[in-house]
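The values are calculated or read from the model by the stated rules, or taken from the named source; none is laboratory data. Just so it is clear, the structure is predicted and the values come from calculations on it, not from any experiment. Don't worry about glycine lacking a Cβ; one is built from the backbone with ideal geometry, like all the others, and counts go over all protein chains shown. With ligands, DNA and RNA removed, areas are computed over all heavy atoms of the protein, side chains included. Shrake-Rupley method; radii C 1.70, N 1.55, O 1.52, S 1.80 Å.
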Amino acid sequence: MRRIVFTACFLLLFLASCAVEGPRALAPSPSLGPTAGGAALPQPIAQPITRTSPAAQVVWFWTFAQPDNKRSLVGVDPIGATVAQLSDDVVAPAIGFWRSSDGASIYLATSERITAYSALTGKQERSYTKTAGGIVASAFSPDGRWLALLTPGPDPRVDVLDLRTGNWQTRPAAHDPNAQLPGMGGQIASVVWGTLVFADATQLYLLMDWGGPARVTWFSLTNDTLTQFATAVDGQDGRKFTSCAGPAVAMKVIGEGGHLVVFCHVDGAVWFFDLKTLTSLAVIHSDQKNPFWLSPIFTPDGQLLYLHQLPAFGDKMQVVDLKTRRLIGPVTTPTKLGDPGPFSWLIPIANAGGVASTQPISPDGLRLYTDTSDGIVVLRIPDLKPLTKLAPGTSVNEIWISGDGRTVFATSGDRKSLVIARDDGSGVKVVPLPAESGGFIASEHG
């Protein structure tokens with residue numbers, strides 16, 4: 001679960017934002033005593049395993065080779081065989097790459113085209129003409145039909161591609177041209193902060209200008225037509241939204257599409273929005289002593305948000321009950337088998353930091369995986385009781401779980417090898433990589 005290293009410009013932006021904004025006050029964390037918070041954490045709701053295709057079991061990651069920093073995208077199957085590699089001449093022109101919602105395809109975007117490759121073989125499947133402009137954010141619809149992009153500029157827009165037909169639809173992205181961009185050293189008209197999330201196959205939400213004034217916009221694809229339903233901005237119509245002083249947030253829609261949860265990587269705040277009224281419900285301040293020390297991990301059932309602290313700065317965990325909006329922790333992340341989970345009393349009967357490239361949780365939502373210098377520890381949700389340890393004796397970094405949950409992949413501590421283990425601990429392999437790993441290409445990231 002360790003973070004990807006920032007690019008130089010992103011790191012400078014992040015450091016500058018810290019200098020401009022300064023540290024934010026954090027609400028005290030609840031104590032971990034038997035009376036803290038009252039009610040028990042909810043038991044997980046087991047999710048169906050839907051990513052069962054052979055392609056969804058292949059791990060994909062990007063590498064970079066010194067001294068020229070040539071990049072490649074590499075696919076490795078559960079037995080450790082390299083099934084595909086996209087070389088630097090393919091990757092270098094890319095302005096974005098993603099994995100599809102079903103895990104079966106890898107998408108690369110250039111300034112002119114978006115190309116889909118099989119995650120099983122690396123062969124080109126389809127190519128689409130791209131709308132003009134760069135890419136700030138992207139999101140796939142859960143059913144895999146739509147790819148939504150946020151395009152920057154003085155007049156930013158939301159572009160939605162129908163992956164079945166290749167047709168594009170475009171709508172303006174409501175935006176304050178004087179929005180705050182902490183750390184940028186002034187306003188730059190072509191730069192925007194925004195991110196997208198689908199609530200379901202047709203409802204799309206855009207969070208924009210979270211440096212202030214934050215704005216939430218609701219789009220719909222009902223009847224296959226992209227329509228803006230509503231937009232709401234801080235300071236208008238009595239609304240009061242908080243702000244985030246850096247260019248990275250993570251979002252998830254919960255509560256059967258009714259609520260939006262946003263995590264700010266800079267101050268560790270967790271925001272809650274009502275999506276029907278586009279109003280702020282609450283803000284929780286987690287314990288994050290420095291920006292980008294926490295990785296957000298949403299459980300697939302939408303009930304919990306785990307916040308995992310970078311192990312280099314003290315391997316700790318906090319949890320937010322998203323229904324009751326309670327924060328519990330921080331506690332030390334358990335790694336010793338046989339110990340009770342740190343939240344067991346609630347269960348009835350990097351570097352400078354960065355953004356994790358995956359959310360290492362089993363697809364059924366019952367187990368969370370954490371990296372250590374002595375293997376991968378499997379933790380039970382919700383109490384985080386250690387269940388087993390995979391690849392003991394091996395230092396690991398980031399972790400990716402196959403679509404069916406049966407294979408666990410991790411980069412080694414030095415990022416020069418790939419560690420592979422079955423979910424029962426068998427079949428452990430350490431596969432040397434052709435170049436240093438930069439991070440996984442996952443459908444969900446921190």
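Structural remarks
- Residue in segment 72-86 that is farthest from Ile420 (Cα to Cα), counting only those that are assigned to a strand (DSSP E or B) and open to solvent by 20 Å² or more (accessible area, probe 1.4 Å): Gln85
- For segment 118-149, filtering for residues that are assigned to a strand (DSSP E or B), more than 23 Å from Ala173 (Cβ to Cβ) and under 24 Å from the mean Cα position of the chain (by Cα) leaves 1.
- Residue check for Thr115: closer than 25 Å to Ala55 by Cα, of a type in the set (Ser, Thr, Tyr), part of a loop (DSSP other than H, G, I, E, B) and modelled with pLDDT of 95 or more: no
- Condition check for Ala173: under 28 Å from Leu161 (Cα atoms), of a type outside the set (Val, Ile, Thr) and surrounded by fewer than 22 Cβ atoms within 10 Å (Cβ to Cβ): no
- The listed residue being out of contact with any Leu (no Cβ under 6 Å at 6 or more places or on another chain), farther than 19 Å from Met251 by Cβ and buried (at least 18 other Cβ atoms within 10 Å of the Cβ), out of Gly166, Gly183, Gly153, Gly133: Gly133
- Filtered by the rule that a residue be open to solvent by 50 Å² or more (accessible area, probe 1.4 Å) and under 14 Å from Gly166 (Cα atoms), segment 99-130 gives Glu112, Arg113, Glu125, Arg126, Thr129.
- Residues of segment 246-265 that turn out to be among the hydrophobic types (A, V, I, L, M, F, W, C) and modelled with pLDDT under 95, as a count: 1
- The number of residues in segment 325-352 that are open to solvent by 70 Å² or more (accessible area, probe 1.4 Å) and at pLDDT 80 or above comes to 2.
- Screening Gly393, Gly403 for residues that are closer than 25 Å to Pro432 by Cα, in contact with a Gly (Cβ under 8 Å, 6 or more places away or on another chain) and open to solvent by less than 10 Å² (accessible area, probe 1.4 Å) leaves exactly one candidate, Gly403.
- Note on segment 49-71: among residues that are in a strand (DSSP E or B) and open to solvent by 10 Å² or more (accessible area, probe 1.4 Å), the one that is farthest from Ala410 (Cα to Cα) is Lys70.
- Single residue of segment 87-96 satisfying the filter (open to solvent by less than 50 Å² (accessible area, probe 1.4 Å) and within 23 Å of the chain's Cα centre (by Cα)) that is nearest to Leu433 (Cα to Cα): Val91
- In segment 201-317, counting only strands (runs of 3 or more DSSP E) that sit wholly within it, the ones holding 2 or more residues that are open to solvent by 30 Å² or more (accessible area, probe 1.4 Å) span 215-220, 227-233, 249-254, 279-285.
- Look at segment 229-249: where a residue is over 18 Å from Cys264 (Cβ atoms) and a partner is basic (Lys, Arg), sitting 6+ places away or on another chain with Cβ atoms under 8 Å, you get Thr231/Arg215; Ala232/Arg215; Ala232/Arg239.
- Beta carbons closer than 7 Å, at least 6 apart along the sequence or on distinct chains, pair a first residue in segment 361-389 that is more than 23 Å from Leu418 (Cβ to Cβ) with a second that is aromatic (Phe, Trp, Tyr) for Pro382/Phe343; Asp383/Phe343; Leu384/Phe343.
- Taken over segment 187-200, the residue count meeting the criterion of being within 21 Å of the chain's Cα centre (by Cα), part of a loop (DSSP other than H, G, I, E, B) and closer than 21 Å to Gly133 by Cβ is 2.
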